[in-house]
Structures are given as structure tokens and as C-alpha cells.
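Structure first, commentary second.
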Amino acid sequence: MPKPELPTFRISSVRRATASTRIVRVDLAGARFDYLAGQAASIGVAGFPGSVPYSIASAPAETARAGWLEFLIKVEASGRWGHKFEHLARGLRITIQGPHGGFTFPRTPRERRFLFIAGGTGIAPIRAMLRQMELARLPGRARVLYSARTPGDFPYLTELRRLMRERSVEVVLTVTREGGTRWRGERGRIAASRLAPLVDHPETLCFVCGPVAMVADVPLMLSGLGIARSRIRVEEY
């Protein structure tokens, strides 16, 4: 018996985030899509076999209000999308399967201190969590440590700076390669010494998403700083 065809949805906008990434919004056309902040979905091009998993960058509250999903997609040839599909533009029909994944922000967290640690495009699910906190007006203090290769490799930087100006989130940016003389942020890879000032209470709920090495190393650093493993959530991106 043949499998039923998946419903398709239209890409409503494609915006440049960095030289190699795009922020893609998908119009759900009234369809309901329930998920938790931090979860992922598998997307593919209608009419072509296969799909690619991506974290959902929009918050559930955004989707409920506006009727779209947002994804952060790396478009270079070596990226997951570029390796599988080439064309990515407004009007393209895509399939969406999901949601899936256990890397989620609680609906009603017990903690009131949150630390989000992202590397590169790993900011996508963390952006969803931060936006959900903002829209749902969840109480608590949020801090973000965000690592990228160069100053030009920070998607959602404008939004993060807005949160900093509003004093709703404390953000620390660090570059792992040469930042140039105009760079005023941190430099170097994430280390325990950089995490320590951001972890001032053992009941801090931590979220880590980024390259494999970072996801392997950072939880060990957090444990060494007194955070229980049950309060460290990880996701490879």
C-alpha cells in the first residue's frame, strides 16, 4: 500500500542571516503545528525524496499568533541543505514532518535562572526558547554565551542586541577566529573560566547546542562548576 503524500507548505520569505545562513519562514496556511521551544522538524522539497532535520527557530507562541514556522538554514554546499537540495527561495513548496526531539524548554520551569550556550547555527533552538520566554512573559533571568567563528557569523545578532538593550537577557559573544581590531566581544573557545561568571547558582537550568565537540565538553565544565547533570540539556546541531 503506497504511503500517503505529505502536505506541502509554501516558503513565505528567505532572509539573509549571515553569508552562509538564511532565515526561512514557512506559511502554515492555517494548519496547526504544535511543538515545544527547542524541538526540530524534518523538511524537504516537495516532489523530491528525502528530508533534513532542522531545529525550529520560532517560538510556539509566535507560530500560534502568526501562523508560520521559522528555520535557520546553512546554504553553503557543505551544509545539510546544500548537500541535499540546492534551491531555497520564496514560493518553494516544502514538506514538514514533526515535531521531534527532547531538547526542549519546559512549559512551566521550576528554575528562575537560565543559561543558554550556543555555537554557530546552534542558536536556532535557543532563539526559540528566548523568544518563548519573552512572549509568554515567563519569570526568570536569562544569560546567553554564544560562540561563532568570526564577527560575521552570528545569526540573530540584531535580536540578541535588542534583548541586551532591554536588559531582559545578558549576552556574551565570543569569536574563535580572528575578530579584527574593531571586535569588542570575547575571543577564544568556550572554557570553564568563561562559564564561571555566568553560573552563580547551582539551580541554573542550562541548555547547550552547537558543534559536537562543544556539546561534549561544555556539560563537563558545567558539572565542574556545580550544576547537576539533571539541569544540563544538550542537543547536537
If packing is taken as the average number of other Cβ atoms within 10 Å across a peptide's residues, how do 151-160, 164-173 rank, most packed first?
151-160, 164-173
Packing-based ranking, highest mean first, of 14-20, 134-140 given that Cβ atoms within 10 Å are counted
14-20, 134-140
Using θ = phi - 60° and the Karplus relation 6.51 cos²θ - 1.76 cosθ + 1.60, list the HN-Hα couplings for segment 200-205 in order, rounded to whole Hz, with x at every Gly or Pro.
10, 8, x, 9, 9, 8
Can you list residues whose amide H is under 5 Å from GLY119's amide H, if they're 5+ apart or on another chain and H is modeled 1.01 Å from N?
SER147, CYS209, GLY210
Phi-derived 3J(HN,Hα) across segment 46-59 with the Karplus relation (6.51, -1.76, 1.60, θ = phi - 60°), rounded Hz, x for Gly and Pro, is 4, x, 10, x, x, 8, 10, x, 9, 5, 7, 8, 7, 8
Could you look at the chain and say what percent of its accessible area is carbon and sulfur, using a 1.4 Å probe and all protein chains?
50 percent
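Please label the shape of segment 125-237 as rounded, prolate or oblate, based on the square roots a ≥ b ≥ c of the eigenvalues of the alpha-carbon gyration tensor (a/c under 1.5 means rounded; beyond that, a/b larger than b/c means prolate, else oblate).
oblate
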Residue-normalised value, i.e. accessible area per residue, for the chain at 1.4 Å probe, in Å², stands at 51 Å²
Applying the gyration tensor rule to the Cα atoms of segment 8-158 (axes a ≥ b ≥ c; rounded if a/c under 1.5, else prolate if a/b exceeds b/c, else oblate), the class is oblate
Multiplying the sequence separation of LEU225 and SER12 by 0.36 nm and subtracting their Cα-Cα distance, what value in nm do you get?
72.3 nm
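The values are calculated or read from the model by the stated rules, or taken from the named source; none is laboratory data. As the structure is a computational prediction, the values presented were derived from the model and not from experiment. Every residue, glycine as well, gets a Cβ built from its backbone with ideal geometry; the counts of neighbours run over all protein chains shown. When the accessible area is computed, the model is the full protein with side chains, heavy atoms only, and any ligands, DNA or RNA have been set aside. Shrake-Rupley method; radii C 1.70, N 1.55, O 1.52, S 1.80 Å.
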